[in-house]
2 protein chains.
Amino acid sequence: MAQRLAIIGGDAGGMSAASIARRRDPDLEVVAYERGVHTSYSACGIPYYVAGLFEDAARLINRSPAKHRANGIDVRTESEVVAIDLAARTLVVRAGDEERVEGFDQLVVATGAEAAPPPVPGAEAIEPARTVQAGERLSAAIARGGGCAVVIGAGYIGLEMAEAFVSRGLNVTMIDQAPQVMGTLDADMAAHVQDAAECHGIRVVLGSGVEEVVTNDDGAPVEVRAGGVCYAADHVVIGTGAKPVVKLAEEAGLALGDSGALRVDDHQRCPGHDGVYAAGDCAESHHRLLDRAVNIQLGTHANKQGRIAGTNATGGDVRFPGIIGTAVSKICRHEVGRTGLSEREAHEAGIDVVSATIKDRTRAGYYPGAGPIWVKLVAEAATGRLLGGQIVGVEGAAKRIDVLATAVWTHLHVDELALLDLSYAPPFSAVYDPLLVAARATAKLL
Amino acid sequence: MAQRLAIIGGDAGGMSAASIARRRDPDLEVVAYERGVHTSYSACGIPYYVAGLFEDAARLINRSPAKHRANGIDVRTESEVVAIDLAARTLVVRAGDEERVEGFDQLVVATGAEAAPPPVPGAEAIEPARTVQAGERLSAAIARGGGCAVVIGAGYIGLEMAEAFVSRGLNVTMIDQAPQVMGTLDADMAAHVQDAAECHGIRVVLGSGVEEVVTNDDGAPVEVRAGGVCYAADHVVIGTGAKPVVKLAEEAGLALGDSGALRVDDHQRCPGHDGVYAAGDCAESHHRLLDRAVNIQLGTHANKQGRIAGTNATGGDVRFPGIIGTAVSKICRHEVGRTGLSEREAHEAGIDVVSATIKDRTRAGYYPGAGPIWVKLVAEAATGRLLGGQIVGVEGAAKRIDVLATAVWTHLHVDELALLDLSYAPPFSAVYDPLLVAARATAKLL
């Protein structure tokens, strides 16, 4: 009898697992349960859709249920798994008014994450802009009118949404209770991002906790109260982070880690449960520098982890090597990248570090279009090993973070980084790449 | 009595040595002899000046003799060193009609490289576009008129100059005897560069050796004959490479390596001659993958080597770690990067490799401005270790080569590269960065 691989969740982690399993084992029955109507869509692209950079929200969908089905994956949309019985190896699946019990041999839990709005009155009335349909509703609401928008949360999603609102011609206020934007950066680097947002016309209100989202009788926002001030708000987006969706798995007896996400080993296996895997935003990842499990919700991790879960669920033996906290974003005129540990994270982890920040230009001085780039490096004081980097700058700045990610990953020391054979041509940098300049500045402190 | 550090050559290598030596030892007398009138200028920027991207050729000068003098370096321009006596530790310096003998305690030879035109009639009449003044003369000649330009040599300098001529409104033919453009790339990747050049309006003639550059009585070019065909040529640039300037040093008894450049150890010392250093285009560099000395003339190496020579000449102890052949260029609509060994170079070195090429996009499909990027990776068959990479693609493509350079440098294997924590956001790539996609494709071949 054919084995049956069940996958809970039809986005990046789940469908990556389904796709690789399908290719590896033609005899396997692969069924994916998705409570929504879409599969494999890019939530990361929603701000750009809302901004109006493209017209058709369907372009956010990387692979539709029909395409997955054509590849031999039994995708069940609008089908929510409401219970897992790990001993009996069955699921209870709710579709419409009907509940059915279905069996599985292997299971991949890829239930993703959900918005974590601040616990204040009215916040629960704001629809999280996390799905294609929610993006469409938000865009349609903007088209219907209203001149003011408030974004709650100044992380990268908040910043991207604030920029999108500006693109749509709105007056935008972005509010965060933290003293800086982008908490994944150190405060000195975040200040450049704040500058970019403000130059783009976004009013940035920091150190100000939201007290209430005031809505009208239709549930539409009217204003946001924060720090005792009222901000008119025809549109509100909440970007205060998300939490892993784990209730179902937890009730079934799968273990959670300290991060609140599902615990997995380096093969994406749920410990103690043979043939049960978890991947993506609902699962933990091993942080190679902190040497502990964390929950960082990014599509890039979800895709890789799903692929590994699907490979191992079909007799493979591949390992997820962990993460180092690399991320990149485009915020108004600036690109922003970070990897490894920030100075603050290193301090919190009790690691003694040195750190240097340099300002340079993205091109040779005489080459048109040169603009500023700031690079901050963090190195272990005892060894000189590069532990992290942050980059803010104009076009061409951010993807340089991948060089630092590779250097962090491979335990490169800053004195070696300073002499690395990186490329040079006038359209791309001065003769010393900014990363080399930053490495030399950091090495001097050792 | 103060020690005296003499430096022969006032460009990247020489002035880097002078500057660091000056900072490290305030008591040292630092004198730099330059036969031209400028110091520390960017020859790499000349094509962009000729293209008209900026008006003032002086912007190519990174640091003038006056600025170096203000920093305490005794710069002697229009002063050519015509003989070195290593035993007596003296130089013969010619300035105007005068020759003087001057002493030194430490010596840095940074005589650079000079054009190596093909040995055909008329080629010697074409002034190499290697100095600020030559660039100015070429630009002025274009301004005076003439509709046709011929570029001899289809390497990166030939391509950059061809693009510059197109920017100035000329009909441009680029001729090379090789069967492909950019010999530092494998032929399959070079084909994309040729496409870009042709789409830009450059006529590319390959496999065609130049037979003669025909000039008029004033020495101005008229036509170029190649492969039996005559090409009208109001302007000619020769970009067939350069050879290290070593005659002076060789006559003094400094050893040359197999590459024809000056032999140095990893401290930039000329073996057997205490206190004598060489740096930059005239010197060899250790190639870390080939494990032998090569002569690759790039400003980035010259600056680093000069700095190391100047540090060691003042009691320091720093090592140049060698190179891996990283280079980048912008050619018409494409950016081009390469690092490590090409497939052809690996074969020539007797290394058994696997290689994969992928085509991807520089941004998420729905994000405006996405364009093609090709990535080719070369890995050692026996171990899976990444040995080299080549990238061609639209804006945002080329500097990714530095990620591969870091991976090659640190002996990363392609299967580990495929799961590396590289950054992702829709303005910069699909959810799998093209480098990860290429690494996975290569790992599959192992």
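The single condition among (1) small (Gly, Ala, Ser); (2) within 27 Å of the chain's Cα centre (by Cα); (3) more than 9 Å from every other protein chain (Cβ to nearest Cβ); (4) on the phi > 0 side of the Ramachandran plot that B:ALA397 does not satisfy is (4).
Scanning segment B:47-68 for residues that are away from chain A (no Cβ under 14 Å) and touching a strand residue (DSSP E or B) at 6+ places or on another chain (Cβ under 7 Å) turns up at least one hit. Restricting attention to segment A:433-446, the residues being free of Cβ contacts under 8 Å to residues at least 40 places away in the same chain and facing chain B (nearest Cβ under 9 Å) number 2. Which of the residues that make up segment A:347-368 are in a loop (DSSP other than H, G, I, E, B), touching a residue at least 40 places away in the same chain (Cβ under 8 Å) and of a type outside the set (Lys, Arg)? Result: A:ALA349, A:THR362, A:ALA364, A:GLY365, A:TYR366, A:TYR367. Within segment A:267-285, is even one residue out of contact with any helix residue (DSSP H, G or I) (no Cβ under 8 Å at 6 or more places or on another chain), acidic (Asp, Glu) and within 19 Å of A:GLY14 (Cβ to Cβ)? Yes: segment A:267-285 contains one or more residues that are out of contact with any helix residue (DSSP H, G or I) (no Cβ under 8 Å at 6 or more places or on another chain), acidic (Asp, Glu) and within 19 Å of A:GLY14 (Cβ to Cβ). All of A:SER285, A:SER259 fail the test of being in contact (Cβ under 8 Å) with a residue 12 or more places away in the chain, within 12 Å of chain B (Cβ to nearest Cβ) and under 25 Å from A:ALA405 (Cβ atoms), apart from A:SER285.
Are any residues in segment A:147-191 touching a Pro at 6+ places or on another chain (Cβ under 9 Å) and surrounded by fewer than 22 Cβ atoms within 10 Å (Cβ to Cβ), and if so, which ones? Within segment A:147-191, A:GLN177, A:ALA187 qualify. Say we look at segment A:18-44 and pick out the residues that are at pLDDT below 95 and assigned to a helix (DSSP H, G or I); which of these is nearest to A:LEU107 (Cα to Cα)? The extreme case among them is A:ALA43. The single residue among A:ARG344, A:ARG338 that is of a type in the set (D, E, K, R), assigned by TED's automatic domain parsing to the domain that holds A:LEU404 and in a strand (DSSP E or B) turns out to be A:ARG338. In summary, A:VAL213 fulfils each of the numbered conditions (1) assigned to a loop (DSSP other than H, G, I, E, B); (2) in contact with a helix residue (DSSP H, G or I) (Cβ under 6 Å, 6 or more places away or on another chain) with the single exception of condition (1).
Looking across segment B:294-321, the residues that are outside any loop (DSSP other than H, G, I, E, B), more than 16 Å from the chain's Cα centre (by Cα) and of a type outside the set (Ser, Thr, Tyr) come down to B:ARG307, B:ILE308, B:ALA309, B:GLY310, B:ASN312.
Scanning segment B:403-429 for residues that are more than 7 Å from chain A (Cβ to nearest Cβ), of a type in the set (Gly, Ala, Ser) and buried (at least 24 other Cβ atoms within 10 Å of the Cβ) gives a single hit, B:SER429.
The criterion of at least 1 residues that are more than 30 Å from B:PRO179 (Cα to Cα) is met by the following strands (runs of 3 or more DSSP E) wholly inside segment B:93-167: B:98-103, B:106-109.
The values are calculated or read from the model by the stated rules, or taken from the named source; none is laboratory data. What you see is a predicted model, and the numbers here were worked out from it, not measured in a lab. We place every Cβ from the backbone using ideal geometry, glycine too, and count neighbours over all the protein chains shown.
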